[in-house]
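A quick write-up on the structure given underneath.
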Amino acid sequence: MQFASLSGLWFSLSIPFILVLYLLKRRYIDTEVSSHMLWRRVLREQEANRPWQRLTRQLLLLLQLLAASILVLALMQPYIHGQQTAKSHIFFVLDASASMQTSTDRGTRIEEAKQDILTFALEEAQNSSYSLLIMKDRPELLLQRESSLSSLQAALNKVALFYGKTNVREALSLTSALTREEIDGEVRIYTDSQWVENAEGVTFSIPVSIQEPGIQRRAGDEVTNPPENVAITQFGVKEIQDSAEYKAVAVVKNWGTVSILVKATLYAGSKEIRTDSLNLKGGEQKSIYVDKLPRADVYKLQLDGKDVLEADNTAYAFPEGTGRIQAAYVGEGNLFLEKALTLAKTDILHIQKNNDGTYPPPLGLEPDLIIVDGVTESTLKSDVWQRLLASKPVWRFAPSSKSDLEPQQTISASPFSITDHPISRYIHLQDVNVAQAQTRALKPWEKAIISSASVPLVLAGTEEGIPNLTFTFALEQSDLALRSEFPILVQNAVAWLTQHHGGNLGRLTAGDRKEIVLHPEATKAIWKATMEGVNEEEAERNGDQLSSMQTAPKLPGLYEFVEFNAGGNKVQTRLLEVVMDPRESNVNGKIENKLVFNPGSGVDAGIDRSKDILLNNTMLIPWLIVILLILLVLEWEVYRRGHSI
């Protein structure tokens, strides 16, 4: 038996008070006697008149003391534990974050949580209604006030792990809002409490409790058996300067509390390069350095060992230099321009003039950019050149010699007019001199972004989705190439012209959104996983067009973002590594959050909810009241019969 309140103990002071009253009371009874022999008995009693003797054979006193004791006991609200009775509405909240994939004795944490939900519903809440909310990036309400166990089980079967950033506070706030008008409800949160944000301050108007799967208990006490997890926290590959070799750097950390032995295997493409054995103490991290790696489009690092979380055991890296710009340079060449192009990570293929004055097209090469420096396009009349000029970004420079087809105008020293454009970013062109520039009618898609008075100097525009850039002056007829801003201008120009260029998309956390520059001809795209058993997903669309804002796939791994043109032909493929939220790797990172149960925050604020703890137990107060009434009847019977002494 237990007590809900000890404040009733103050009434126990009435017991000694009753005793004192009986001790101090003196009684004299008039009695007719027939003999003086009775006086001897009276004298003996007066001689041995001790206070405690007055308590002998006092039936009324015993009844009053018993009544006072029962009243004290009733004020303490005694109860005994009984079989738990569930509320009429159970609101389940299930954590679906990546750490819930941690292995346990019964599978994984999330599998154990699902089983615990079904067990509770089957054994203790069969007559209740159920709601189910999933905790992920955005809370997902899968079930609302369904009374069928099969509906609850079907909803739980739909729950999949979410490897991105879990918004715990938003999920709990929504739960609080949905249950604010509840009177007979209960919130049960199934989570490993590995929250990356503090949820304190969220108030519930109905009782709330946290159920932790994967926690072993013995005799009511938690058994400490922390899981062991090793994760790759960093992995990158960089090209060795002036070399065709690469070096890799990785950091591996043990998030557990005991030592663990793992093997780290490095792959270049599909070829195994090296395997290292690492013995990591609890909380220790170590770095791995590998030099002289062969060239590959993608590298993989794989951990093998005793581990409870597999999603952070694989990492991919793309070497710097992957996707370098290949530019076909048509013209005599310019030392300053070529140097600036090299700084912009552009590989230059020089196209030499033939004896007949024409330029041969590049053989066996699909350049990403074509630079036409001082060359009239009449010398590029072949079908191959026409196809390349129509399908590739082109950067044109006016010839230095005068031409009757393109009249030129002398440029004054007046300030330049610069329009806001990606090419003109960080450019001021102070004290730059330009001798003369071509003057011609602008094409419909061209826009002047740099001008001198009314003479356009730099033209930019997009023709059928292909960017084009034109300098209406020759570099030899200006000192622009000698200015410190020139490499920045070249960098901006290359970046804008080749914004659709392939390569890789880097690394994203599952579920994150990224703006992707699409190929001009792309009308459709898919996410294609390199892992077995993962279906391809169609890329997001904005109406009839392919959207540039894309959401990363939900499962960690390596993906290809494949783009197709209107004819269904592949026009571009880029790689993306999807990782789980790295904060989930600390499988022992439990956070103690005290959720607030405030009965006055709901619509039933006038109802006394402070005794909710007793709703699932058997109260003894009714039985005490019955006993007290029986004692009052007995006490009355004592008075009625005159048994006062």
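The values are calculated or read from the model by the stated rules, or taken from the named source; none is laboratory data. As the structure is a prediction and not an experimental result, all values here were calculated from the model. As a convention, Cβ positions derive from the backbone with ideal geometry for all residues, glycine included, and neighbour counts pool all protein chains shown. Calculation scope for accessible area: heavy atoms of the full protein, side chains included, ligands and nucleic acids excluded. Shrake-Rupley method; radii C 1.70, N 1.55, O 1.52, S 1.80 Å.
For this structure, a couple of remarks:
- Qualifying position, being buried (at least 16 other Cβ atoms within 10 Å of the Cβ), in contact with a strand residue (DSSP E or B) (Cβ under 9 Å, 6 or more places away or on another chain), in contact (Cβ under 8 Å) with a residue 60 or more places away in the chain and among the polar types (S, T, N, Q), among T509, T523: T509
- Segment 187-212 - residue that is under 17 Å from K114 (Cβ atoms) and aliphatic (A, V, I, L, M) and, of those, modelled with the lowest pLDDT: I210
- Every listed requirement among (1) more than 20 Å from F336 (Cβ to Cβ); (2) open to solvent by 70 Å² or more (accessible area, probe 1.4 Å) is met by S391 save one, (2).
- Residue, surrounded by the most Cβ atoms within 10 Å (Cβ to Cβ), within segment 110-142, restricted to residues that are among the acidic types (D, E) and assigned to a helix (DSSP H, G or I): E112
- Boolean, Y329 is aromatic (F, W, Y), open to solvent by less than 10 Å² (accessible area, probe 1.4 Å) and touching an Asp or Glu at 6+ places or on another chain (Cβ under 9 Å): yes
- For N313: the one exception among (1) open to solvent by less than 10 Å² (accessible area, probe 1.4 Å); (2) at pLDDT 90 or above: (1)
- Some residue of segment 316-325 being of a type in the set (F, W, Y), open to solvent by less than 50 Å² (accessible area, probe 1.4 Å) and touching a residue at least 40 places away in the same chain (Cβ under 8 Å): yes
- Among the residues of segment 547-562, those identified as open to solvent by 20 Å² or more (accessible area, probe 1.4 Å) and part of a strand (DSSP E or B) are M549, T551, E560.
- So I627, is it out of contact with any strand residue (DSSP E or B) (no Cβ under 7 Å at 6 or more places or on another chain), modelled with pLDDT under 70 and more than 30 Å from Q545 (Cβ to Cβ): no
- For segment 463-506, a tally of residues being open to solvent by 20 Å² or more (accessible area, probe 1.4 Å) and part of a loop (DSSP other than H, G, I, E, B) returns 11.
- Qualifying residue in segment 299-310 (condition: surrounded by 13 or more Cβ atoms within 10 Å (Cβ to Cβ), modelled with pLDDT under 95, part of a strand (DSSP E or B) and of a type in the set (F, W, Y)): yes
- Residues (hydroxyl-bearing (S, T, Y) and either over 20 Å from G557 (Cβ atoms) or surrounded by 19 or more Cβ atoms within 10 Å (Cβ to Cβ) (or both)) located in segment 571-590: S585
- Selected residue (criterion: surrounded by the fewest Cβ atoms within 10 Å (Cβ to Cβ)) from residues of segment 427-462 that are part of a strand (DSSP E or B) and among the β-branched types (V, I, T): T462
- Flag set for I215, criterion: open to solvent by 40 Å² or more (accessible area, probe 1.4 Å), at pLDDT below 80, more than 17 Å from A296 (Cβ to Cβ) and in contact with a strand residue (DSSP E or B) (Cβ under 7 Å, 6 or more places away or on another chain).
- Apart from one condition, T166 fits all of (1) closer than 25 Å to T551 by Cα; (2) outside any loop (DSSP other than H, G, I, E, B); the exception is (2).
- Residue check for D184: at pLDDT 85 or above and of a type in the set (D, E): yes
- When the test is whether a residue is free of Cβ contacts under 8 Å to residues at least 60 places away in the same chain, within 20 Å of the chain's Cα centre (by Cα) and open to solvent by 70 Å² or more (accessible area, probe 1.4 Å), E197 does not pass it.
- Filter result for N565 (at pLDDT 75 or above, open to solvent by less than 70 Å² (accessible area, probe 1.4 Å), over 31 Å from the mean Cα position of the chain (by Cα) and not aromatic (F, W, Y)): yes
- Of all residues assigned to segment 224-247, none qualifies as being at pLDDT below 80, part of a strand (DSSP E or B) and under 30 Å from A86 (Cα atoms).
- Residue count for segment 507-528 satisfying the condition of being in contact with a Gly (Cβ under 6 Å, 6 or more places away or on another chain) and either part of a strand (DSSP E or B) or of a type in the set (G, A, S) (or both): 3.
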